[in-house]
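Have a look at the structure below before the remarks.
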Amino acid sequence: MWGGRFAAQPDDAMQAINASIDIDQRLWREDIEGSKAHAAMLAAKAIITPEDNAAIQAGLDQIAAEIEGGTFPFSRELEDIHLNIEARLTERIGEAGKRLHTARSRNDQVATDFKLWTMRATREASDGLRALQKVLVKRAEEHAEWVMPGFTHLQTAQPVTLGHHLLAYVSMAERDRVRLIGGALEAAWECPLGSAALAGTPYPIDRDMTAHALGFHGPSHNSLDAVASRDFALGALSSLSIAVTHLSRLAEEIVLWTSPQFGFANLSDAWSTGSSIMPQKRNPDAAELIRAKAARIGANFAALNGLVQKLPLAYAKDLQEDKALTFAAFDDFALSLTAMIGMIETLSFNRAALREAAARGYSTATDLADWLVRELKTPFREAHEITGKIVRRAEETGVAELALLPLSDFQAIEPRITEAARALLTVEKSVESRDCYGGTAPQRVREQAQRWMEMFE
Ligand code: ARG
């Protein structure tokens, strides 16, 4: 492929380190799409003849059919997907095939192909997040008033509703979508094609034509930037890293919730695994692997960043390694999403265990302090102190919930505490009272679920 410059063949190991076809063959659709747009433009600008263009278009369509049908002869000697397709084209259509590479380089070609691939994958990742959001909203609505413990420091803090907890992840996923679509994708809208090797080309090409044919907003404004930059992939991977961090946190909660120690939820058989030695086990392997995938995706972002950050302009072969990292990150993300959707869809929650855990740890103590502030006009710091004493008394007398502590015990510490105050200390009353916008009250959860569903339509 190098024409006249070389007399001898490359070393086998040279070929092994240099060939990327095993990885970048996934770019075949984008490569053919890019070449078709390029050839059509060359013909429109009379750089090649209409006949050559027609032969190229037909030849590329046939190659697409070959690849789709699994009969395309991929060759490592031909290094990458670009040279594989070009060589095959010439094999099939002769002379005209050799004209396709006029006014372009593999450098603008690969930047364009890879960008197209990444943009499509980014949209798919965002659609996948939307699918997860829908499942979460449905489950949240079903469990809008189920009470569970809310934690800080993984210590019982205040009761919350399960619906509210699930909707927290819908908000996270929404911001993830904004980062993917509004951030990463939005920054990728310039078409590199026509930048050629690094400096542009002397041919009278029409870069608007190719850019628009490929669905970009327009041509890139600087040829060096266009062939050297991979921040479109970095943007996508950084957004994916954050998105999968959110999936990983939810996965971690599934691991905790489904442990016998928590007993909050059960995974369906389809999403559990057994143990080869312990017959009683139901393991949350998929959730654990999502945590692992999160680590890998973050690492791939770091690796891609490291790969780009020391390169002078413009293209360097290091950039070839961008694809394996990016493909793997998107693959891991898609699989993680599928698994998470499956788990959430079929997770069954244990209402009694959730409620019992919610009441443990004197979780409604803040409600009592708030009552003292509201009804007795006690300054909050004093109310905090009084409530602390009451909690201690409950603990000392072996009463597990404030709502179950006899009124006389409250009044021993603050005589003005009434039965009405005590009645507010159930977990149900506690969550109902937190009805500020964005709060955990069942009514607010239903309202938010409704808001999301309207947004999804
Ligand atoms: N396979 C190469 C890559 O993915 C294509 C570009 C090669 N360009 C070059 N000047 N060697 O980066």
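The residue that is nearest to the chain's Cα centre (by Cα), among those in the range 422-457 that are surrounded by fewer than 20 Cβ atoms within 10 Å (Cβ to Cβ) and of a type in the set (Gly, Ala, Ser), is GLY438. Summed over the range 172-182, residues that are surrounded by 15 or more Cβ atoms within 10 Å (Cβ to Cβ) and of a type outside the set (D, E, K, R) total 4. In the range 378-390, is there at least one residue being of a type in the set (S, T, N, Q) and in contact with a Leu (Cβ under 7 Å, 6 or more places away or on another chain)? Yes. I need every pair where a residue in the range 309-320 that is more than 18 Å from ASN222 (Cα to Cα) and within 13 Å of the ligand (Cβ to nearest atom) has its Cβ under 6 Å from the Cβ of a residue that is of a type in the set (Gly, Ala, Ser) and part of a loop (DSSP other than H, G, I, E, B), sequence separation at least 6 or different chains. These pairs meet every condition: GLN320/SER20. Screening the candidates ILE390, ILE413 for the property of being more than 30 Å from ALA236 (Cβ to Cβ), at pLDDT 95 or above, crowded, with 20+ Cβ neighbours inside 10 Å and of a type outside the set (Ser, Thr, Tyr) yields one hit, ILE390. Within the range 303-324, the set of residues being over 15 Å from ILE17 (Cα atoms) and surrounded by 14 or more Cβ atoms within 10 Å (Cβ to Cβ) comprises ALA303, LEU304, ASN305, LEU307, VAL308, LEU311, ALA314, TYR315.
Within the range 125-164, being assigned to a helix (DSSP H, G or I) and either charged (D, E, K, R) or free of Cβ contacts under 8 Å to residues at least 24 places away in the same chain (or both) holds for ASP127, ARG130, LYS134, LYS138, ARG139, GLU141, GLU142. In the range 291-308, the residue that is nearest to the ligand (Cβ to nearest atom) out of those that are small (Gly, Ala, Ser) and within 13 Å of the chain's Cα centre (by Cα) is GLY298. For the range 1-56, residues that are more than 16 Å from the ligand (Cβ to nearest atom) and of a type in the set (Ser, Thr, Tyr) total 1.
Pairs meeting the criteria (first residue in the range 70-84 and under 25 Å from LEU193 (Cβ atoms) and more than 14 Å from the ligand (Cβ to nearest atom), second residue in a loop (DSSP other than H, G, I, E, B) and not small (Gly, Ala, Ser), beta carbons under 8 Å, at least 6 apart or on different chains) are lacking.
If you check PHE333, PHE327 for being aromatic (Phe, Trp, Tyr) and surrounded by fewer than 23 Cβ atoms within 10 Å (Cβ to Cβ), only one passes: PHE327. Among the residues of the range 293-332, the ones that are touching an Asp or Glu at 6+ places or on another chain (Cβ under 7 Å) and in a helix (DSSP H, G or I) come to 6 in all. Mind checking which helices (runs of 4 or more DSSP H) fall wholly inside the range 204-262 and carry at least 3 residues that are more than 21 Å from GLY34 (Cα to Cα) and either at pLDDT below 95 or not hydroxyl-bearing (Ser, Thr, Tyr) (or both)? In the range 204-262, 231-257 are the helices (runs of 4 or more DSSP H) which contain 3 or more residues that are more than 21 Å from GLY34 (Cα to Cα) and either at pLDDT below 95 or not hydroxyl-bearing (Ser, Thr, Tyr) (or both). Residues in the range 353-365 that are more than 17 Å from GLY163 (Cβ to Cβ) and surrounded by fewer than 19 Cβ atoms within 10 Å (Cβ to Cβ) were compared, and the one that is modelled with the highest pLDDT is GLU356.
Here's the yes/no breakdown for (1) more than 18 Å from MET343 (Cβ to Cβ); (2) within 16 Å of the ligand (Cβ to nearest atom); (3) within 15 Å of the chain's Cα centre (by Cα); (4) of a type in the set (Val, Ile, Thr):
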position: THR102; (1), (2), (3), (4): yes, no, no, yes
position: GLN109; (1), (2), (3), (4): yes, yes, no, no
position: THR112; (1), (2), (3), (4): yes, yes, no, yes
position: LYS115; (1), (2), (3), (4): yes, yes, no, no
position: ARG120; (1), (2), (3), (4): yes, no, yes, no
position: ARG123; (1), (2), (3), (4): yes, no, yes, no
position: SER126; (1), (2), (3), (4): yes, no, yes, no
position: VAL135; (1), (2), (3), (4): no, no, no, yes
position: LYS138; (1), (2), (3), (4): no, no, no, no
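The values are calculated or read from the model by the stated rules, or taken from the named source; none is laboratory data. Because the structure is predicted, anything quoted here is derived from the model rather than measured. So basically every Cβ, Gly included, is an ideal-geometry build from the backbone, and we count neighbours across all protein chains shown.
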